[in-house]
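One structure, as C-alpha cells, below. Some questions next.
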Amino acid sequence: MSSEHTDESREAFPTDAPAVVTCGLPYANGDLHIGHLRTYVGGDVYSRALESLGQRTAFVCGSDMHGTPIAVQAIEEDIDPEAFALEWHEQYEETFPKFDVDFDNYGHTHDDANRELTYEIVERLEEEGYVYEKDIKVAWDPVDEQPLPDRYVEGTCPYCGAHARGDECDEGCGRHLEPGEIEDPVSTISGNPAEYRDRTHKFFRVSELADYLDGFLDRLEGTSNARNQPRQWLEDGLQDWCITRDLDWGFDYPGEEDLVLYVWVDAPIEYVASTKQYTDRVGADEYDWEEAWREDGDIVHVIGRDIIQHHTIFWPAMLHVAGFQEPRAVMASGFMTLDGKGFSTSRDRAVWAREYLDEGFHPDLLRYYLATNGGFQQDVDFSWEKFRDRVNNELVGTVGNFVYRSLLFAHRNFEGTPEAEVSEEVEARIGEAIDDFRAGVNDYSVREVGTATVELARFGNEYIQREEPWNLLGEDDEAAAQVIRDCVQIAKAVAVLFEPVAPGTSEELWGQLNEDGSVHDVTTDAALAAPPRDIGAPDELYEKIEDERVEELNEKLESRVAEAAAAADDGAGTETDDAEPDDGGDVTDLPPVSEDRIGFEEFQELDLRVGEIVDAVGIEGADELVKLTVDIGVEERQIVAGLKQLHDVESLPGTRVVIVANLEKAELFGVESNGMVLAAGEDADLLTTHGDAPLGTKVR
Ligand SMILES: [Zn+2]
C-alpha cells in the first residue's frame, strides 16, 4: 500500500463535505456518572456547533457490548452477556437524551450493521496481507479447562509489581498488558491458579504501517495530546497487535470456531455502522454515510484520553488498509475528579447522571460546566461549590440577567422590539461573537464555543449599564428605543450562539423572543436577523443555587460514601473469618495496661485522621527517618517518621495510615514534620483501616 502524504492543511469548517462526529463508545456494564458525561456533552456541543455553522453533520455513537469486562460481569451475575449488555444499552439510550445529548443514531456493537462492516474490514485486512498467525502463551484454568483472556485473569504486573488485571495494570503503572505478560496468574472466575498454554492467534501487522501513521499524525487535527502521545509510541517502535481472543462472547473471527475478534477491532467500526444506520433511516439524499466514510468526510472523534492509542494508531491503520477515510481530528478530553479526587463507582463516590436529574437541575447547567470549565484536554474537577459558582456568576448573573432585563424593559416600555435599526457597534460586536464561535469550532475547543456567548452577554450588560436607557425614557425616547433594540438583538444572538452548549434554555429564549420554529434548526446567520416585533413578558432562564442547597448535596454525597465504606467493611469482616489467626508474637513481655484513665473529652482532643502515603523519600544523613507526604483528604501533610530501616521506602506510597493531625509541628534533621503516623511496636507496624473510609475521616 502506498500512503498518500498531503501536506496541505484542510479547509476550515464549515466545509462542503459531510462531517461525522463520534463519541467513544460507553461499555455497557454500569451506571453513568457525570464524569462519563464529559465526552458525550463535548461531542454533542461540537456537533451542534458544526451544524450551526451550516455543516452537514452526523453525530453517532453506540454501546460497546463486547469484551471481557462485560463477559466477566455477566458470569458474576449469572446472566447471558447479551442480555446483560442490552439492559445497560437501553439505559444509556434513555439517559443521553435527558442531557440533550442528541445522537443522530445510537446503535450498539452487537447488531447486524456492525457485524457486516466488521467482517468486510477484517477480510480486507486479510486480503491485503496484513494478518498473520502466531503462537503465543495464554493464561488457562487447568481445572475448569478454560482459557482466561484479559479480565478473566489477575495477578502481578511484571513492570511495577502491583496487583493487575490481565490486560491492564489499572491499580499500578497503568500499562497495557499483552496476553501472557501477567505474573502469578489466577482465574478471576474460579480463583484457580492459572497456567500458560500455547495458542495460535491472529495478529495485525501494524508495524508495517509506521510510515503511513507518521504522515497521518502530521495531518491529524484536534487536541495536541492526541498527536503527542502516539508520536512517542511511533518513536519507540510499533508492535503488531493481537486481534483475537479465546472467548465465547463477541464476533467470531471469520472462519475460526474458537476465536473471537478482540473488542477493539469491532468497537470503532461501530462509528461507521452507526452512520450507516443513520443513512438507512433518513436516506442518502439527506446524509450519505459512504460519501463520509469512503470519500471525503470530515471525521471527528471525541474520546477520553485513556483511549488515544486505539484512535490514533490501530483505528486509522485499519481504516487505511481497508480503504476508508481517515479521521480528520481526535479530541481527547482530560480526566474528571470529584472534589479533587477520582470518581469511585465501587465506593459510590460519584454524582450519578440520574441523581443529578432527580435533584431537579436543568441539564444545561451541567452541560455548561462540563463544556467550559477548563480546556478540553485539561483535567476538570467537579464540586457542588464550583458548580454553584459557575451557575450563579455566569449563567444567572451574566447571561440570564442580561436577557431578562433587556426583554423585560422592551416588553414594559415598548410592548416588544422597539422600531429602530441595530447600531453599528452592536452589529459589529455580534459579528465578533460569531467569529469567536467559529474559531472555537476550528480550534476544537468547546470551551471557546461556550465562552463566545457569555462574553457577548457580558458586553450586553456593560452596554445597557453605559447607555442607561431608564434615564433616557421621557427625555429622549428615540435614543432609549435604539439601546433596547440593540439589546433585543444581542438577546437573540445569545439564543442562537448558546444553542450548542445550552440547547434547552436557548429554545426557551427563542420562544420568549416569539420566534417561529426551533433554534436548533437555524445557523449562526440568524444571530443578526431582525427579531419579531411582539415580545411577551419574559421568564428568568436560570435559577440561582443557594448555599444551603450545596451543603445539603455535599452531606448526601458524604453519607453515601460512608455507607458504601461501611458495607465494604462488613464484607471484609466476613472474609477474614476464614483467615488464619495472626500470630500475635510473644505476649508475656508486654507492659501492663496503664491504670491512669483519661476522660473522653481528653481523647477527643486528639485529631486522628485516615490518610494515604502518596510519597516517601529517605532523609539523607538520618538512618531511620523518612519524609512522607500523606494525603488526608483536606490537605497533604509532610510528616517525618522513623520507618527507613523497617520498611521498603519505595513500597510505602499507597499505604493507608492513621495520623495524629493536630500534633505540634517539629523539625527533624532540618525537615519539618507536621503530624505523626501511628505505628505499633519496634517493627513500626503501621496502623491502617480495613474498609474504604475516605481519606480525612476522623478516627473515633
Ligand atoms: Zn504495573
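The values are calculated or read from the model by the stated rules, or taken from the named source; none is laboratory data. It should be emphasised that the depicted structure is a prediction, and the values quoted were computed from it without experimental measurement. We place every Cβ from the backbone using ideal geometry, glycine too, and count neighbours over all the protein chains shown.
Identify the residue in segment 154-170 that is among the charged types (D, E, K, R) and part of a loop (DSSP other than H, G, I, E, B) and, among all such residues, is nearest to the ligand (Cβ to nearest atom).
170
Now, a different point. In segment 636-674, what count of residues is obtained for those that are assigned to a strand (DSSP E or B), small (Gly, Ala, Ser) and modelled with pLDDT of 85 or more? Steps first, answer last, please.
Residues of segment 636-674 that are assigned to a strand (DSSP E or B), as a first pass: 636-642, 656-660, 666-668, 671-673.
Within this subset, residues satisfying the condition of being small (Gly, Ala, Ser) are 641-642, 666, 673.
Right, trim to modelled with pLDDT of 85 or more and you get 641, 673.
Qualifying residue count, segment 636-674: 2.
Here's something else I'd like to know. Taking interchain pairs and intrachain pairs at least six residues apart, which have beta carbon atoms under 8 angstrom, with the first residue in segment 159-175 and within 19 Å of residue 191 (Cβ to Cβ) and of a type in the set (A, V, I, L, M) and the second more than 6 Å from the ligand (Cβ to nearest atom) and in a loop (DSSP other than H, G, I, E, B)?
164/170; 164/171; 164/177; 164/182
Can you name every residue in segment 323-368 that is over 21 Å from residue 91 (Cα atoms) and either touching a Cys at 6+ places or on another chain (Cβ under 8 Å) or hydrophobic (A, V, I, L, M, F, W, C) (or both)?
324, 329, 330, 331, 332, 335, 336, 338, 365
Condition (residue is closer than 19 Å to residue 325 by Cα and without any contact (Cβ under 8 Å) to a residue 60 or more places away in the chain) applied to segment 202-225: is it met by at least one residue?
yes
Moving to a separate point now. Looking at segment 395-402, can you tell me whether even one residue there is in a loop (DSSP other than H, G, I, E, B) and either touching a helix residue (DSSP H, G or I) at 6+ places or on another chain (Cβ under 9 Å) or in contact (Cβ under 8 Å) with a residue 12 or more places away in the chain (or both)?
Scanning segment 395-402, I find no residue that is in a loop (DSSP other than H, G, I, E, B) and either touching a helix residue (DSSP H, G or I) at 6+ places or on another chain (Cβ under 9 Å) or in contact (Cβ under 8 Å) with a residue 12 or more places away in the chain (or both), so the answer is no.
All but one of (1) surrounded by 14 or more Cβ atoms within 10 Å (Cβ to Cβ); (2) part of a loop (DSSP other than H, G, I, E, B) hold for residue 626; state the number of the condition that does not hold.
The one condition residue 626 does not meet is (2).
While we're on this one: Could we say that residue 458 is among the basic types (Lys, Arg), surrounded by 14 or more Cβ atoms within 10 Å (Cβ to Cβ) and over 24 Å from residue 400 (Cβ atoms) here?
Values: among the basic types (Lys, Arg): yes; surrounded by 14 or more Cβ atoms within 10 Å (Cβ to Cβ): yes; over 24 Å from residue 400 (Cβ atoms): no.
No; evaluated as a whole, the condition is false for this residue.
Taking residue 242 as the residue in question, decide whether it is of a type outside the set (Val, Ile, Thr), within 16 Å of the ligand (Cβ to nearest atom) and surrounded by fewer than 19 Cβ atoms within 10 Å (Cβ to Cβ).
When the stated conditions are applied, residue 242 does not pass them.
Could you say which residue among 24, 67 is modelled with pLDDT under 95, more than 21 Å from residue 357 (Cβ to Cβ) and surrounded by 24 or more Cβ atoms within 10 Å (Cβ to Cβ)?
On the way: 24 fails: modelled with pLDDT under 95.
Checking each option against the conditions leaves just 67.
Could you grab me the full set of residues in segment 522-558 that are surrounded by 14 or more Cβ atoms within 10 Å (Cβ to Cβ) and over 31 Å from the mean Cα position of the chain (by Cα)?
Of everything in segment 522-558, those that are surrounded by 14 or more Cβ atoms within 10 Å (Cβ to Cβ) and over 31 Å from the mean Cα position of the chain (by Cα) turn out to be 526, 527, 528, 531, 535, 538.
Need the failing condition index for residue 117 against (1) within 16 Å of the ligand (Cβ to nearest atom); (2) of a type in the set (A, V, I, L, M, F, W, C); (3) within 30 Å of residue 62 (Cα to Cα), just the number.
(1)
Listed here are the residues, each with its yes/no results for (1) surrounded by fewer than 20 Cβ atoms within 10 Å (Cβ to Cβ); (2) more than 15 Å from the chain's Cα centre (by Cα).
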site	(1), (2)
340	yes, no
346	yes, yes
350	no, no
378	yes, no
382	no, no
391	no, yes
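Shifting gears a bit: Tell me, which residue of segment 187-207 that is crowded, with 19+ Cβ neighbours inside 10 Å and under 31 Å from the mean Cα position of the chain (by Cα) is nearest to the ligand (Cβ to nearest atom)?
Only one residue tops the list, namely 188.
Going by the structure shown, is residue 118 touching a strand residue (DSSP E or B) at 6+ places or on another chain (Cβ under 8 Å) and either farther than 23 Å from residue 250 by Cα or surrounded by fewer than 16 Cβ atoms within 10 Å (Cβ to Cβ) (or both)?
On the way: touching a strand residue (DSSP E or B) at 6+ places or on another chain (Cβ under 8 Å): yes; either farther than 23 Å from residue 250 by Cα or surrounded by fewer than 16 Cβ atoms within 10 Å (Cβ to Cβ) (or both): no.
For residue 118, the condition - touching a strand residue (DSSP E or B) at 6+ places or on another chain (Cβ under 8 Å) and either farther than 23 Å from residue 250 by Cα or surrounded by fewer than 16 Cβ atoms within 10 Å (Cβ to Cβ) (or both) - is not met.
Sort out which residues of segment 174-186 are within 12 Å of the ligand (Cβ to nearest atom) and surrounded by 15 or more Cβ atoms within 10 Å (Cβ to Cβ), and write them in order of number.
Answer for segment 174-186, where residues must be within 12 Å of the ligand (Cβ to nearest atom) and surrounded by 15 or more Cβ atoms within 10 Å (Cβ to Cβ): 175, 177, 181, 182.
Can you find a residue in segment 159-175 that is modelled with pLDDT of 90 or more and more than 30 Å from the chain's Cα centre (by Cα)?
Checking segment 159-175: not a single residue is modelled with pLDDT of 90 or more and more than 30 Å from the chain's Cα centre (by Cα).
Anything in segment 216-228 that is assigned to a helix (DSSP H, G or I) and either in contact with a Lys or Arg (Cβ under 7 Å, 6 or more places away or on another chain) or surrounded by 16 or more Cβ atoms within 10 Å (Cβ to Cβ) (or both)? List them, or say none. Full working, then the answer.
Taking segment 216-228 and keeping what is assigned to a helix (DSSP H, G or I), we get 216-219, 225-228.
Result: 216, 217, 219, 225, 226, 227.
Restricting to segment 126-153, count the residues that are within 26 Å of the chain's Cα centre (by Cα) and either away from the ligand (no atom under 16 Å from the Cβ) or farther than 24 Å from residue 203 by Cβ (or both).
The number of residues fulfilling the criteria is 1.
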